[in-house]
Amino acid sequence: MTESTKLPSGKPRIETIEMRGITKRFPGVIANDKADFDIHAGEVHALLGENGAGKSTLMKILYGMYRPDEGEILLNGKPVTIASPNDSINLGIGMIHQHFMLVPTLTVAENVALGLPSSRGALTDLDRVSKRIVELASIYGLKIDPSAYVWQLSVGQQQRVEIIKALYRGAALLILDEPTAVLTPQEVDELFVIMRQMVKDGHALIFISHKLHEVVEISNRITVLRDGRRIGTRLTSETTKQDLANWMVGREIGFAPDRGKVEIGEARLKLEKVECGSDRGTPGLRGVSIEVRSGEILGIAGVSGNGQRELAEAITGLRKVTTGRVFLEGKDITNFAPGDITELNLSYIPEERMRDGMIKDFTIAENMILREHHKMPYSRMGFLNLSDISKHADELIAKFHVKTPSRETHAKNLSGGNIQKVVLAREISRNPRAIIAAQPTRGLDIGATEYVREQLLIERRKGVAVMLISEDLDEILALSDRIAVLYEGQVMDIVPRSEATPERLGLLMAGVHPEVSS
Amino acid sequence: MRSRLNALFDALLPVLATLAALGVGAVMLLILKVNPIEAYAALWDGAFGSSNAFAETLVKATPLLLVALGICISFRGDVINIGGEGQMIIGAILATWVGLTFTGLPGWLVVTISLVAGFLGGAIWGGIPGVLKAYFSVNEILSTVMMNAIAVQLMNFLLRGPMIDPSQAELASKIPQTARLLDAFRLPRLAPTRLHLGALIAVILAIAVYILLWRTTLGYRIRAVGQNPNASRYAGIKVQRYMVLALLLSGAFAGLAGATQVFGVNYRMITDGSSSGFTGSAGFNGIVAALFGQLHPLWSIPASILFGALLVGANKMQRVVQVPSALVIALNGLVVVFVVSSEILRKRRQRRRLADARQEDETPPPTESGESQIKQAETGA
């Protein structure tokens with residue numbers, strides 16, 4: 001190598017990292033089975049795979065959070081032992097977690113300094129930290145104000161703080177764990193600009209994502225993991241999305257789901273100028289008027305935190321509607337108790353399934369009757385009818401292909417995909433008239449995602465009115481008949497499927513009316 | 001195989017913790033220049049050495065078990081009831097009042113009504129903090145403890161004034177106690193010992209509470225609310241109502257414990273000014289017994305017997321080897337500390353196994369709510 005071995009941050013480069021024959025066993029599971037992975041300076045290497053494929057374990061081993069049972073890690077050709085994240089940070093490895101590790105009530109500089117010794121002993125050295133942040137920010141083109149409080153920042157900005165934090169600690173290699181999951185399309189573009197700059201400067205980046213088109217756009221090489229093993233590594237330029245998807249799941253994947261022709265009927269769910277508060281005390285919804293008709297999927301697009309949760313909760317009775325009305329099949333259900341709304345056959349797949357949709361220490365069978373536990377045949381004269389509850393659970397487990405050792409398994413022991421299948425099974429088996437599905441595929445792997453989407457389309461074909469709230473634009477575009485965009489609690493516009501493009505929706509999601517701006 | 005060993009270790013953990021506590025106790029005995037083997041032999045003899053001794057153990061275990069059953073319900077519903085003492089007292093007062101008032105009725109009827117009155121008294125005393133928690137967000141740990149203080153003073157007032165034994169009222173000594181119950185109103189003895197019907201009632205109720213928690217809609221709802229109030233609301237459960245109910249039922253069982261003490265053991269209420277003077281601290285020790293029994297009503301039976309045995313046996317030990325009574329109390333405390341700590345160890349082991357087994361990726365680890373309790377819904381015990 002003739003070029004400088006220093007990074008712009010002044011830290012040494014990591015020329016190559018090689019993981020060889022990594023095996024990691026957990027009781028009953030082999031998370032990594034002789035997996036190989038390598039990366040060199042100046043490339044974005046994407047790591048693809050379904051949930052449970054072993055991506056996270058492999059990266060946690062590289063970051064020192066787990067010790068491998070077998071295999072070795074070579075840094076610039078020399079074997080190294082990484083026993084803790086401290087070791088990996090000292091070697092120049094940084095990780096941007098999917099869930100940010102920031103303290104919202106502290107400033108950017110305080111967050112960056114957190115956990116590091118101060119150069120002034122017992123006194124803080126925040127001025128020096130701030131200066132260094134500004135320095136790093138200008139080198140890498142990251143706009144950030146060191147004195148801003150983290151809670152004031154958008155999700156995209158918070159991510160930049162995480163990147164700065166890693167750079168400040170001297171990261172030459174960055175592991176980005178699903179960094180785009182929380183971003184708008186525009187923010188994703190900005191992140192990619194930063195990533196390209198870092199790669200050009202000699203950093204090595206590992207990019208973990210489910211979204212094939214992003215992987216194809218940003219990476220130089222792609223490694224696909226399946227069942228803990230490396231299926232293969234390819235140059236991005238020599239592969240296609242279809243190949244990658246097939247590699248990941250080991251079978252053919254249909255990309256555009258079959259929508260079929262469906263007669264659109266009467267309005268089943270109707271909101272009239274609905275307003276409600278949010279958990280932060282600010283307005284959650286501001287005069288939302290929409291309707292969902294029989295046989296259609298109404299997509300609700302928007303960046304996280306623009307009223308999606310409030311919308312779902314206002315309809316399902318979990319949040320108080322301050323003004324406006326909600327109608328289900330013509331019946332005014334505004335501020336009904338959640339149980340009474342359930343009785344009217346509205347199903348709800350909540351966004352945070354473990355928080356709102358499941359009881360983690362209950363068995364699958366008990367969770368399956370969550371909504372109907374007080375009704376025949378599951379409850380007779382106040383006593384639970386265990387045989388019918390078991391039968392019901394077994395039927396749904398079989399019908400919805402829930403992978404579980406038994407119906408008596410506690411929900412917390414299932415994988416995310418299977419938990420969602422339990423929620424889906426429970427909500428769909430009630431023969432609902434309308435369904436609110438909030439982020440129904442978030443965190444699921446391709447196989448489970450495909451399954452959930454297929455089920456929603458089947459319900460639509462049955463004439464159910466489906467409201468699909470999703471931050472995944474691809475999903476909204478693939479499934480919806482009409483798309484409403486939420487921005488700061490307001491419906492910016494409702495766009496028919498035929499007129500919806502990612503660009504148009506992206507602008508609406510950012511609060512810009514295309515007509516006005518042009 | 002490994003998982004079975006783990007399960008065995010978990011199940012034996014409370015026993016190991018008890019042994020460890022006795023081990024530390026042995027060190028304390030040695031410091032006092034007492035032979036621990038002799039001391040523990042006396043303890044064993046006092047608790048199990050004769051049919052009379054064993055009966056005494058069961059008599060002590062009865063209020064512990066009743067309180068523990070209530071604790072199983074409330075802790076499963078994620079409400080912490082520290083008010084067992086007060087609930088026992090109020091239950092006992094109501095029951096005693098019934099027993100002293102309706103002297104013309106047949107014995108079995110009065111006993112039945114009295115026990116029901118005790119149940120209701122405890123329910124009221126538990127229900128008040130329940131309502132305060134559910135509708136006014138008052139911390140139930142604080143309010144139940146405060147309710148204990150109120151109950152004690154109420155008892156002292158009543159036993160010195162309105163409910164004082166008329167014969168005592170005429171004397172200068174004015175011992176604060178009620179009149180004695182009629183002989184016909186005593187709970188029947190089960191053997192030629194002090195063992196009374198209350199013990200049998202407690203065991204039957206343990207089975208009933210098991211059925212309540214895992215076989216009824218009510219129990220399903222109490223557990224659901226305890227585990228995850230968000231999901232419970234989503235399920236259409238009126239969360240606040242079931243919070244109140246959990247605390248109310250918990251208090252009711254403690255109230256019944258108080259009533260059985262009066263009708264099965266003392267045949268009157270008497271106060272030394274403190275709550276433990278009447279309850280023998282069963283309102284607190286019942287919590288420990290329930291935790292020892294992993295908040296499972298059936299496991300609470302052996303757990304209560306163990307603590308009953310410790311209480312009775314320690315008395316004998318005190319007499320035989322002449323150790324100060326403070327040591328006996330310390331020994332009890334040691335067992336409590338060790339058992340509660342072992343519970344934390346068990347949970348940590350469980351969490352580690354869970355984390356190890358969890359398929360990686362996606363799901364962020366579920367947040368631990370209500371750390372302080374054991375949340376194990378054994379459905380098929």
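Which FRET efficiency value, to the nearest 0.05, do you get for A:Glu503 and B:Ala326 by plugging their Cβ-Cβ distance into 1/(1 + (r/R0)^6) with R0 = 60 Å?
Approximately 0.15, to the nearest 0.05.
Multiply the residue gap between B:Thr101 and B:Thr216 by 0.36 nm, knock off their C-alpha separation, and tell me the result in nm, one decimal place.
In short, 37.7 nm is gained.
Determine, from the Cβ-Cβ distance of A:Val193 and A:Thr233 and an R0 of 25 Å, the FRET efficiency 1/(1 + (r/R0)^6), rounded to the nearest 0.05.
0.45
Go ahead and run the numbers for FRET between B:Phe9 and A:Arg259, Cβ-Cβ distance against an R0 of 60 Å, rounding to 0.05.
Working: r = 55 Å, r/R0 = 0.91.
The pair B:Phe9/A:Arg259 has a calculated efficiency of 0.65.
So what is the accessible area of segment A:392-518 per residue, in Å², with the probe set to 1.4 Å? Provide the component values of the computation, followed by the final result.
Working: 4620 Å² over 127 residues.
Normalised by residue count, the accessible surface of segment A:392-518 is 36 Å².
For q = 0.05, 0.09 Å⁻¹, what log10 I(q)/I(0) does the protein assembly as shown give under the Debye formula with an equal point scatterer on each alpha carbon and no solvent?
One equal scatterer on each Cα of the protein assembly as shown leads to -0.38, -1.04.
What are the residues whose amide H is under 5 Å from the amide H of A:Arg226, where those residues sit 5 or more places off or on another chain and H is modelled from the backbone?
Result for A:Arg226 returns A:Ile231.
For B:Glu38 and B:Ala191 in one chain, what is 0.36 nm times their gap in residues minus the Cα-Cα distance, to one decimal in nm?
Result: 52.1 nm gained on full extension.
Between B and A, buried accessible area summed over both sides at probe 1.4 Å, in Å² to the nearest 100?
3700 Å²
Each residue of segment B:92-99 in order: what ³J(HN,Hα) in whole Hz does its phi give by Karplus 6.51 cos²θ - 1.76 cosθ + 1.60, θ = phi - 60°, with x for Gly and Pro?
Ordered by residue, 3J(HN,Hα) equals 5, 4, 4, 4, 4, 4, 4, x Hz.
Report ³J(HN,Hα) in whole Hz for each residue of segment B:217-225, in order, from the Karplus equation J = 6.51 cos²θ - 1.76 cosθ + 1.60 where θ = phi - 60°; Gly and Pro get x.
4, 4, x, 4, 5, 4, 5, 4, 4
Long-range amide H contacts for A:Glu70: which residues qualify at under 5 Å (H placed 1.01 Å from N, peptide plane, sequence gap of 5 or more or a different chain)?
Under 5 Å from the amide H of A:Glu70: A:Thr23.
For segment A:365-440, what is the charge dipole size about the Cα centre, in debye to the nearest 20, if Lys and Arg each add +1 at the Cβ and Asp and Glu each add -1 at the Cβ? Mind dumping the intermediate values first?
On the way: 12 positive and 7 negative charges, 33 e Å.
For this selection, approximately 160 debye.
Using label points projected 7 Å from each Cα along Cα→Cβ, tell me how many nm separate B:Leu171 and A:Met381, to one decimal.
Reported label-point gap for B:Leu171 and A:Met381 is 5.3 nm.
Taking the radius of gyration and the Kirkwood hydrodynamic radius from Cα positions alone, what is the Rg/Rh ratio for segment B:188-286, to two decimal places?
In segment B:188-286, Rg relative to Rh is 1.10.
Each label point is 7 Å from the Cα along the Cα-to-Cβ direction; what then is the distance between the points at A:Glu454 and B:Leu200, in nm?
Distance between label points: 6.2 nm.
Among the lysines, which have Cα under 28 Å from the Cα of A:Lys165 when same-chain residues fewer than 8 positions away are ignored?
A:Lys6, A:Lys11, A:Lys55, A:Lys60, A:Lys78, A:Lys131, A:Lys143, A:Lys200, A:Lys211
How far apart, in nanometres, would the label points at A:Lys131 and B:Leu30 be if each is projected 7 angstrom from Cα along the Cα-to-Cβ direction?
Placing both labels 7 Å along Cα→Cβ, they lie 6.2 nm apart.
Express the relative contact order of segment B:258-302 as a whole percentage, based on alpha carbon pairs under 8 Å and six or more residues apart in sequence.
Contact order relative to length: 18 percent.
Rolling a 1.4 angstrom probe over the protein heavy atoms, how many square angstrom per residue are accessible across segment A:22-104?
That works out to 39 Å² for each residue.
Applying the Karplus parametrisation 6.51 cos²θ - 1.76 cosθ + 1.60 with θ = phi - 60° to the phi angles of segment B:40-51, what ³J(HN,Hα) value in whole Hz is obtained for each residue in order, glycine and proline being reported as x?
Whole-Hz 3J(HN,Hα) from phi for segment B:40-51: 6, 4, 5, 4, 4, 4, x, 8, 10, x, 9, 5.
Using modelled backbone amide H atoms (1.01 Å from N, in-plane), which distant-in-sequence or interchain residues come within less than 5 Å of A:Leu269's amide H?
Amide H neighbours of A:Leu269, under 5 Å, 5+ apart: A:Val292, A:Glu329.
Fully extended, how many nm does the chain gain between A:Glu266 and A:Gln242 (0.36 nm per residue separation, minus their Cα-Cα distance)?
Length difference between fully extended and current span is 4.8 nm.
Divide by every residue of the protein assembly as shown the summed helix terms, -39500 (n - 2.57) for each DSSP H run of at least 4, and state the resulting mean residue ellipticity at 222 nm, rounded to the nearest 500 deg cm²/dmol.
Value at 222 nm, helices only, nearest 500: -15500 deg cm²/dmol.
Can you tell me which of B:200-209, B:135-144 comes out highest on packing, and rank the rest after it, using the mean Cβ neighbours within 10 Å?
The peptides rank, most packed first, as B:200-209, B:135-144.
The values are calculated or read from the model by the stated rules, or taken from the named source; none is laboratory data. Just so it is clear, the model here is predicted, and its values are computed rather than measured. Methodologically, a virtual Cβ is constructed for each residue, glycine included, from the backbone with ideal geometry; neighbour enumeration extends over all protein chains shown. To get the accessible areas, we keep the full protein, side chains included, count just its heavy atoms, and leave off ligands, DNA and RNA. Shrake-Rupley method; radii C 1.70, N 1.55, O 1.52, S 1.80 Å.
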